[in-house]
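Take a look at the structure below.
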Amino acid sequence: MKSFGYAAQDKTSPLTPFHFERREPGPKDVVVAIDYCGICHSDIHQARDEWGGSIYPMVPGHEIVGRVTAIGKEVEKFKVGDLAGVGVTVQTCMQCDNCKAGAEPYCTKGMVGTYNAKDYDGELMQGGYADNIVAPEHYVHSISPKLNLAAVAPLLCAGITTYSPLKHWKIGPNMKVGIVGLGGLGHMGLKFASSFGAYTVLFTTSADKQNDALKLGANEVVLSKDPAHMAKHTGSFDFILDCVSAPHDLNAYLNLLRLDGTLCLVGLPETPFTVSPFGIITNRRSFAGSMIGGMEETQQMLDYCAEKNIVSDIELISYARLPEAYERVLKSDVKYRFVLDGKTLRG
Ligand code: NAP
Ligand code: ZN
């Protein structure tokens, strides 16, 4: 199947137009014409090989929404013309205990990412900065026509990555929850935690984001660079979700957890952290992590968003502005997710 998109050819060059081939759709596959694709900070980490092992050429993008243009003969959930979304995962073994439990990102054979990955047959996968994608029905999600489609795109990664841990740790009323970093993930975490009824505190390094954080659902905003402001919250949080993309001091957040509190990492800076042993034994604290979410859970999240009218706050941009968008994400200047407009792909 012919595809056209934007690719990184190596870790230093800007992304450029790129013609490539995807596999022909099989009986269980869905073909989606891509209308919009979000820009996740993971796209930048991988395009620039910050985690190591990047495979080029690489068409990034795993926050994909569009319309179904073809279906294989065994496809049951979709028909041509339906709205559909593809996230971070496009293949797992579906045989292991984790897959069977609906925890596909933790597949013991290894989950295959939407891009920068090879599938079980060795074919290089390419992502959503492109005109189309083919994926098995199991990894394609239904999207409600009620919501603004461009603003739904970020739900496929930023949405599910924050929804899943908040659900896993049973966040609800009478809990004090912290969200660290007001970027793409952080602003969705804030919306979900507050919609689940938690008392929600947003930690930011950007003083100019305080009013936005309150509008997005924060009960309180803390400037994390101010030690006195941080100290006021010592030992008081049930749960903190760390959505930061760059190295920072985790101990400052561990110290804010109450008895049996959990600090959960979803941000993926490229270097290891230092954790103080006393910071973790005090209050019997837990330090945890979480990776995107399962396929059924992703559909539940999308349905929840349709019911509650939750979408991402986006800046819709043309493909010509990709380099500028990457630079602004790196400067924490994103309000609060860039989404590429498919109509501008061919200039
Ligand atoms: P983003 O939009 O760039 O947001 C990151 C935020 O972190 C920034 O807006 C900023 O918020 C804060 N920040 C940046 N540099 C900082 C620093 N040096 N010190 C303290 N805070 C800093 O990124 P994103 O797309 O939300 O992704 C966040 C991270 O999650 C990335 O590392 C990404 O790869 C990872 N991720 C993980 C998963 C998963 O499955 N676990 C899924 C998707 C993404 P303030 O301005 O408010 O301080
Ligand atoms: Zn992502």
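Scanning the stretch 188-202 for residues that are hydroxyl-bearing (Ser, Thr, Tyr), open to solvent by 10 Å² or more (accessible area, probe 1.4 Å) and without any contact (Cβ under 8 Å) to a residue 60 or more places away in the chain turns up at least one hit. Among residues of the stretch 322-341 that are surrounded by 17 or more Cβ atoms within 10 Å (Cβ to Cβ), those with a beta-carbon under 6 Å from a residue that is in a loop (DSSP other than H, G, I, E, B) and not small (Gly, Ala, Ser) at least six positions away or on a different chain give the pairs LEU322/LEU15; ALA325/ILE39; ARG328/VAL334; TYR336/ASP313; PHE338/ILE39. If you go through the stretch 253-269 and keep only what is within 14 Å of ligand 1 (Cβ to nearest atom) and either open to solvent by 30 Å² or more (accessible area, probe 1.4 Å) or of a type outside the set (A, V, I, L, M) (or both), you end up with TYR253, CYS264, LEU265, GLY267, LEU268, PRO269. Number of residues in the stretch 18-57 that are under 29 Å from PHE78 (Cβ atoms), within 14 Å of ligand 2 (Cβ to nearest atom) and either of a type in the set (Gly, Ala, Ser) or in a strand (DSSP E or B) (or both) equals 3.
Being over 22 Å from the mean Cα position of the chain (by Cα) and of a type in the set (Gly, Ala, Ser) is a description that applies to ALA228.
Here the stretch 159-187 is the region considered, the condition is being part of a loop (DSSP other than H, G, I, E, B), open to solvent by 10 Å² or more (accessible area, probe 1.4 Å) and within 26 Å of ILE39 (Cα to Cα), and the residue that is nearest to ligand 2 (Cβ to nearest atom) is GLY183. When the test is whether a residue is under 25 Å from GLY197 (Cβ atoms), away from ligand 2 (no atom under 16 Å from the Cβ), open to solvent by less than 60 Å² (accessible area, probe 1.4 Å) and not assigned by TED's automatic domain parsing to the domain that holds VAL334, ASP242 does not pass it.
The values are calculated or read from the model by the stated rules, or taken from the named source; none is laboratory data. Just so it is clear, the structure is predicted and the values come from calculations on it, not from any experiment. Cβ coordinates were reconstructed from backbone atoms using ideal geometry, including for glycine residues, and neighbour counts include every protein chain displayed. All accessible areas refer to the heavy atoms of the entire protein, side chains included, with ligands and DNA or RNA removed. Shrake-Rupley method; radii C 1.70, N 1.55, O 1.52, S 1.80 Å.
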